[in-house]
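The values are calculated or read from the model by the stated rules, or taken from the named source; none is laboratory data. Note that the structure is a prediction, hence the values are computed from the model and not measured. Reconstructed Cβ throughout: ideal geometry from the backbone, glycine too, with neighbour counts over all protein chains shown. The area values use the complete protein model at the heavy-atom level, side chains included, leaving out ligands, DNA and RNA. Shrake-Rupley method; radii C 1.70, N 1.55, O 1.52, S 1.80 Å.
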Number of protein chains: 2
Amino acid sequence: MSNEITIPSPADFHVHVRQGKMCELVTPQVAKGGVRTAYVMPNLVPPLTSTEAVLSYKAELERIDPSVQWLMTLYLHPDVTPEEIRKAAKAGISGVKSYPRGVTTNSNSGIEDYGVYYPVFKAMEEEGMVLNLHGEVPSDPEKNISILNAEVHFLTHLRKLALDFPKLRIVLEHATTSSAIETVSSLSSNVGCSITAHHLYLTIDEVAPQPHHFCKPLAKEPKDRKALQEAILSGNPKFFLGSDSAPHPLASKIPNLTHSEIGAAVSACAAGVYTSPILIPLVATLLESFGALDKLQGFVSDNGRNFYGVPVKEGDELRMRRITDEDKGIVRNTFKSEEIEGLEVVPFWLGKRLNWEIV
Amino acid sequence: MSNEITIPSPADFHVHVRQGKMCELVTPQVAKGGVRTAYVMPNLVPPLTSTEAVLSYKAELERIDPSVQWLMTLYLHPDVTPEEIRKAAKAGISGVKSYPRGVTTNSNSGIEDYGVYYPVFKAMEEEGMVLNLHGEVPSDPEKNISILNAEVHFLTHLRKLALDFPKLRIVLEHATTSSAIETVSSLSSNVGCSITAHHLYLTIDEVAPQPHHFCKPLAKEPKDRKALQEAILSGNPKFFLGSDSAPHPLASKIPNLTHSEIGAAVSACAAGVYTSPILIPLVATLLESFGALDKLQGFVSDNGRNFYGVPVKEGDELRMRRITDEDKGIVRNTFKSEEIEGLEVVPFWLGKRLNWEIV
């Protein structure tokens, strides 16, 4: 049993670092979690639909932590024209993220129909930009579409896009079902798939009683979790880490009871699991739990970098060691803003023990 | 469109009224929700496994509200012998509730194997007692059993019990799946099925972001909700109201963040939805929403009473009228103990509008 791991600089190909004071709080945690290259989501308020807005956001992230390589994305939206794609590509923006309308945090500007975006995808294909898909369709009770099968219903869209744009690199983000793993595996090498850390651990049984485990897509059945684990065990280079680390203020993650003149009411909980501060040690701990520690380098370093064409920086390795002291390694702290009273984020794995720490 | 409803005294064939101060708080709400006969669950701490314990609990409920007819149950457990069954039947106890081990609130004493209870079921069959089944098997990731399919996996047990004890009245409690509705419909008339109010409204989409909607069994897909609604629309007398109204202190329904010497931790949320205070107006509102208002009397009065053999009291009708004022009918209040600081229960439908009120 190895007690030391050294891997080329890990990359997280799906991270939310938010904006404003939350951004100040969570952005420095990306590097602390062992990540050297971070692929940043554009679902801010308002969404990032112009090259200028993305570059301004990138400058902000570089100001907060210049040590991380920030890879940027546009938010697929009518404002994102083929001309904007060419401009974005020239400016070094890596990809475009598509949110089906209304399915997750700040997705009200999301798309309803891919057909109208075919000229945009064509331009992206020509410019070598990546299309990142939040792979869920909106719920529709009449068609029995719910958050349980929203991803499976999306897979027909993925297949069609992959066939229609064989040279466009497409990523199915945060896969959660055995059907998604099978579909991605069956498609050609232009289609990749990110897998989060938390979906390697959670099933519906751990999500239903715990809003801090509630995210979109929802964690599904044990057989689905097993399919994600087996995708990693297979070593298939299509599968790589995208944490979908998605911080929300504590107050947004719990059902708050409010009282007003018209009576009491209770709020719904925001969707998102926050893993950035512990990400690579967590992934190592999880992979080891299902016998995949030898696939760590492929999953967190090589596969995603190869798919995106983002080389490792020379000499930029991450070293971890096994935590042997039983009292150590427990995730003990929430993350609080020093400036904003009450801005506190609860990390995944709080109170649980990690087996690995960054040296 | 009718603006008045008069139905024979409604019965709730599955209610939790708890113990101690919570019992004092919630027991008077049963009658306020329009219920005249309440079938009481035995999952207290410790569970009610003796005739004496059940009778003592019944006396307590009669002291708090003598206006309600309290029908009592034993908790299936090794202490419940065939002799105890005969004693309980003589004492007027109506049924025995079976909890698979560990699946819901206070079910740690629940059963693992029905075979050992066959002599008990035989005695119940002879004495005319009813067997109430919490129809879920425990989760088992190795077998892909989760809270999503725990009810469907239970149905083989239901079928076997129904065949092995053709004269034992058996109730599948709080059905949540189309498979459960089909199975109950296919079995002979000794098998009935209770349906809650909240499962006529919720699907997984409303449960995942809202711990106040989290209960066992979990609300499932839209097609499952539709199957429950159609069971009522069919008028099949096997299906009747059992609210599973299950109050928990507010503090148990939210993920509490605690801090100690070893660090922060976060609690899981208790399973249960509380409907008692608004039950019959809520059921009327829900049934009307899917065109089943003409089935209200069958669902809340006749079907359950006929199955259990509990006649209506002469002249004991419930009258309701339609709420026409748009500002009225909103569920505005939580329920608080006057004696215990912080003991507060959040009802289902808080902030939403009911269409009917009790006259």
Condition broken by residue A:279, with the remaining ones in (1) closer than 21 Å to residue A:12 by Cα; (2) surrounded by fewer than 22 Cβ atoms within 10 Å (Cβ to Cβ) satisfied: (2)
From the set of residues in region B:286-296 that are away from chain A (no Cβ under 14 Å) and open to solvent by 10 Å² or more (accessible area, probe 1.4 Å), which is farthest from residue B:208 (Cα to Cα)? B:294
From A:225, A:169, which residue is within 20 Å of the chain's Cα centre (by Cα), without any contact (Cβ under 8 Å) to a residue 40 or more places away in the chain and closer than 22 Å to residue A:13 by Cα? A:225
Taking the condition open to solvent by 20 Å² or more (accessible area, probe 1.4 Å), within 14 Å of another protein chain (Cβ to nearest Cβ) and touching a Leu at 6+ places or on another chain (Cβ under 6 Å), does residue B:344 pass? yes
Search result, residues across region B:1-51 that are of a type outside the set (S, T, N, Q) and assigned to a strand (DSSP E or B): B:4, B:5, B:7, B:8, B:11, B:12, B:13, B:14, B:15, B:38, B:39, B:40
Quickly run through region B:153-172 and pick out the residues that are more than 21 Å from residue B:223 (Cβ to Cβ) and open to solvent by less than 60 Å² (accessible area, probe 1.4 Å). B:161, B:162, B:165, B:168, B:170, B:171
Of all residues in region A:332-341 being within 14 Å of chain B (Cβ to nearest Cβ) and not in a strand (DSSP E or B), which is nearest to residue A:215 (Cα to Cα)? A:334
Consider residue A:203 against the criteria (1) within 11 Å of chain B (Cβ to nearest Cβ); (2) surrounded by fewer than 23 Cβ atoms within 10 Å (Cβ to Cβ); (3) over 26 Å from residue A:30 (Cβ atoms): it satisfies all of them except one. Which criterion is unmet? (2)
Among the residues of region B:303-321 satisfying the criterion of being open to solvent by less than 50 Å² (accessible area, probe 1.4 Å) and at pLDDT 95 or above, which is farthest from the other protein chains (Cβ to nearest Cβ)? B:310
Does region A:67-85 contain at least one residue that is surrounded by fewer than 18 Cβ atoms within 10 Å (Cβ to Cβ) and part of a strand (DSSP E or B)? yes
Selected residue (criterion: most open to solvent (accessible area, probe 1.4 Å)) from residues of region B:349-359 that are within 10 Å of chain A (Cβ to nearest Cβ) and part of a loop (DSSP other than H, G, I, E, B): B:352
Residue A:182 fails exactly one of the following numbered conditions: (1) touching a helix residue (DSSP H, G or I) at 6+ places or on another chain (Cβ under 8 Å); (2) surrounded by 23 or more Cβ atoms within 10 Å (Cβ to Cβ); (3) acidic (Asp, Glu). What is the number of that condition? (2)
Are any residues in region A:28-66 open to solvent by 50 Å² or more (accessible area, probe 1.4 Å), more than 28 Å from residue A:319 (Cβ to Cβ) and not charged (D, E, K, R), and if so, which ones? A:45, A:46, A:55, A:56, A:59
With A:142, A:136, A:125, A:151 as the choices, which residue is part of a helix (DSSP H, G or I), within 14 Å of chain B (Cβ to nearest Cβ), under 20 Å from residue A:13 (Cα atoms) and not small (Gly, Ala, Ser)? A:151
Which members of region A:239-254 meet the condition of being surrounded by fewer than 21 Cβ atoms within 10 Å (Cβ to Cβ) and either touching a His at 6+ places or on another chain (Cβ under 6 Å) or more than 9 Å from chain B (Cβ to nearest Cβ) (or both)? A:249, A:251, A:252
Looking at A:180, A:175, A:219, which one is within 14 Å of another protein chain (Cβ to nearest Cβ), under 28 Å from residue B:224 (Cα atoms) and under 18 Å from the mean Cα position of the chain (by Cα)? A:219
Restricting to strands (runs of 3 or more DSSP E) lying wholly in region A:177-281: which have 3 or more residues that are more than 19 Å from residue B:214 (Cα to Cα) and modelled with pLDDT of 95 or more? A:191-195, A:239-241
How many residues are at pLDDT below 95 and either closer than 20 Å to residue B:190 by Cβ or buried (at least 17 other Cβ atoms within 10 Å of the Cβ) (or both) when one looks only at region B:140-152? 0
Looking at region B:187-197, can you tell me whether even one residue there is within 30 Å of residue A:150 (Cβ to Cβ), among the β-branched types (Val, Ile, Thr), open to solvent by less than 10 Å² (accessible area, probe 1.4 Å) and more than 15 Å from the chain's Cα centre (by Cα)? no
Being surrounded by 15 or more Cβ atoms within 10 Å (Cβ to Cβ) and away from every other protein chain (no Cβ under 14 Å) is the filter here; which residues of region B:322-331 pass it? B:322, B:323
Out of B:210, B:229, I need the residue that is more than 7 Å from chain A (Cβ to nearest Cβ) and open to solvent by 10 Å² or more (accessible area, probe 1.4 Å). Which one? B:229
Within region B:99-117, is there a residue that is modelled with pLDDT of 95 or more and of a type in the set (A, V, I, L, M, F, W, C)? no
